[in-house]
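Here's the structure we're looking at; comments come further down.
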Amino acid sequence: MNGAHDLGGMHGFGPVEIERDEPVFHREWERRAFAITLAAGFLGKWNIDMSRFAREQMPPAEYLATSYYEHWMFGLEKLLHEHGLVPRQQMERRLNDPAAPAAPVTGERVLAARDVEAALRTSRASKADEDVAPRYKVGDRVATVNINPLGHTRLPRYARGKRGVIALDHGVWVFPDTAGNGLGRKPQHCYSVRFTARELWGEGAAERDTVCIDLWDDHLVPA
Amino acid sequence: MSHEHEHHHHHHDDDDVQEHRAHGAPLSDVELRVRALESLLVDKGLVDPAALDALIDTYETKVGPRNGARIVARAWVDPAFRRRLLEDGTAAVAEHGFVGRQSEKLVVVENTPAVHNMVVCTLCSCYPWAVLGLPPVWYKSAPYRARVVIDPRGVLSELGVDVPADTEVRVWDSTAEIRYMVLPERPAGTKRMTEEQLAGLVTRDAMIGVARVRA
């Protein structure tokens, strides 16, 4: 979707400000938002692409006005509601009354503390084992499709309808443009595609500069 | 480290209360929502509170840019390791035990006088957690994500990195599950330094490609 998350090439946000000696988390609530998001993800009800799509659906004005872990909270509340794990009404009741009852849910695969290390080490969300033939090889000239789907896509707006060259073949991966929309894994090759800065931004861009973007077979046509 | 860090194993409600007493402010909307949602998930048995603490502890104290700095220093002193790292970053960092979430496949790109690499995720915040830890705020922020693909030299210049016109600036937009780390150039005047001393020079920002390593 053409949401506020698709930021590449926008102007007016001001300088990049790097904080010296930045802590991993700035506030306690960020720690908790991070941890409950990861732990809830291990329930296995949604994939990483669905997580991203949930955050992308935050209204654009709100997305740009809020911080990173607020995006995560928006996405997590949405996914938990949609999967019937924490309905919105229950969340509102608990917000109004910390003692509002909530019955335990049974039968879910809950991440235990003793399994955290192994779960993080073996986390392997998107690499596909299927033997799918690549449509392109390194050095091939390609063009990206011009698409504007309402659903999730990993083809950024600034790279649609542009010509590039296959720089690396990463092997076979789950296709986010279907997986993120609940339409299956559709495993296919993912490549790093190199575009000249001038192809993306016009003649004003530096002559030698390039941008490499990871894209899938379904994003590409021969050029 | 902040007092929050030292106390992160304590019950978080107490931390929140202390934080807010210190700041004299009521809990914000998002703080209330996070607290409500966490308590619901715990009461419903959907998350294990001890697992939450373990997740936080992992990324706050165990995984971070020191991992990547060790990799860079090894690559600088061991040409065979450097070759393996550039050929298959995932396997080479696994030799050091750095594997896992947000690093299913790691590609290491080398900065040279001919090419200056830098890494971004314009669509969200993809970042090589296994070698660099969690991303800093600026990496996830709109200014970096918006500008680095259209004006990489402007961003670099503001951050004090001047790249000659005949050097290619190559920006890697991490739109898939492949993660990128920059192998920065080894600074001059470090011939006599040990691997450990070299690792001490390597900064997170240099491994993202927005800084040079200085001796």
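Some observations on this one:
- The residues packed around B:Val77, meaning those with a beta-carbon under 12 Å from its beta-carbon, carry a net charge of +3 if Lys and Arg are +1 and Asp and Glu are -1.
- Efficiency of FRET from Cβ geometry, B:Glu110 and B:Ala165, R₀ 30 Å, rounded to 0.05: 0.90
- Distance between the modelled labels on B:Glu185 and A:Met1, one decimal in nanometres: 4.5 nm (7 Å Cα→Cβ projection).
- Mean separation of Cα contacts under 8 Å (6+ apart) over length of the range A:130-195, as relative contact order %: 37
- Residue-by-residue Karplus 3J(HN,Hα) for the range B:105-110, coefficients 6.51, -1.76, 1.60, Hz, glycine and proline x: 9, 10, 10, 9, 10, 9
- Net charge, A:Glu199 excluded, C-beta distance under 11 Å - Lys, Arg +1, Asp, Glu -1: +2
- Working note: Cα gyration tensor of the range A:141-222, eigenvalues times five, square-rooted, sorted largest first, giving semi-axes of 24, 14, 9 Å.
- Between A:Arg185 and A:Asn146, the simple label model (points 7 Å from Cα in the Cβ direction) yields a spacing of 3.5 nm.
- Other protein chain Cβ atoms within 10 Å, averaged over every residue that makes up A:83-94: 2
- All alpha carbon pair distances within the range B:64-208 were sorted into 5 Å bins beginning at 0; the resulting P(r) in whole percents reads 2, 10, 20, 23, 21, 15, 7, 2, 0.
- One Cα centroid belongs to the range A:1-33, the other to the range A:156-223; the line between them spans 24 Å.
- For B:Tyr180, distant residues with modelled amide H under 5 Å away: B:Val107
- Comparing A:Ser67, A:Ser51, A:Ser192 in a Gaussian network model of chain A, where Cα atoms under 10 Å apart are tied by springs, the biggest mean-square fluctuation is seen for A:Ser67.
- Taking a straight line from the alpha carbon of A:Lys45, these lysines sit under 27 Å away, with near neighbours fewer than eight places off in the same chain left out: A:Lys78, A:Lys127, A:Lys186, B:Lys44, B:Lys105, B:Lys140.
- Per-residue average of Cβ from other chains inside 10 Å of A:96-104: 3
- GNM flexibility winner over chain A from A:Asp97, A:Asp131, A:Asp177 (Cα, springs under 10 Å): A:Asp97
- Each DSSP beta bridge with both residues in the protein assembly as shown is either parallel or antiparallel, and the antiparallel ones are about 55%.
- Annotation: extensible slack from B:Glu196 through B:Arg83 equals 38.7 nm (criterion: 0.36 nm per residue apart, minus Cα-Cα distance).
- Comparing B:Asp48, B:Asp173, B:Asp57 in a Gaussian network model of chain B (Cα springs below 10 Å), the most mobile by mean-square fluctuation is B:Asp48.
- Applying a 4.7 Å Cβ-Cβ cutoff to chain B leaves B:Cys124 as cysteine residues with no disulfide-compatible partner.
- Protection-proxy order for peptides B:200-207, A:21-28, each taking the mean of Cβ atoms within 10 Å per residue, highest first: B:200-207, A:21-28
- Average other protein chain Cβ within 10 Å of Cβ, residues A:10-23: 6
Read the figures in this text as sums done on the coordinates, not as results from a lab. From a predicted model like this one, the values you see are computed outputs, not experimental measurements. Neighbour counts run over all protein chains shown; Cβ positions are idealised from the backbone, glycine included.
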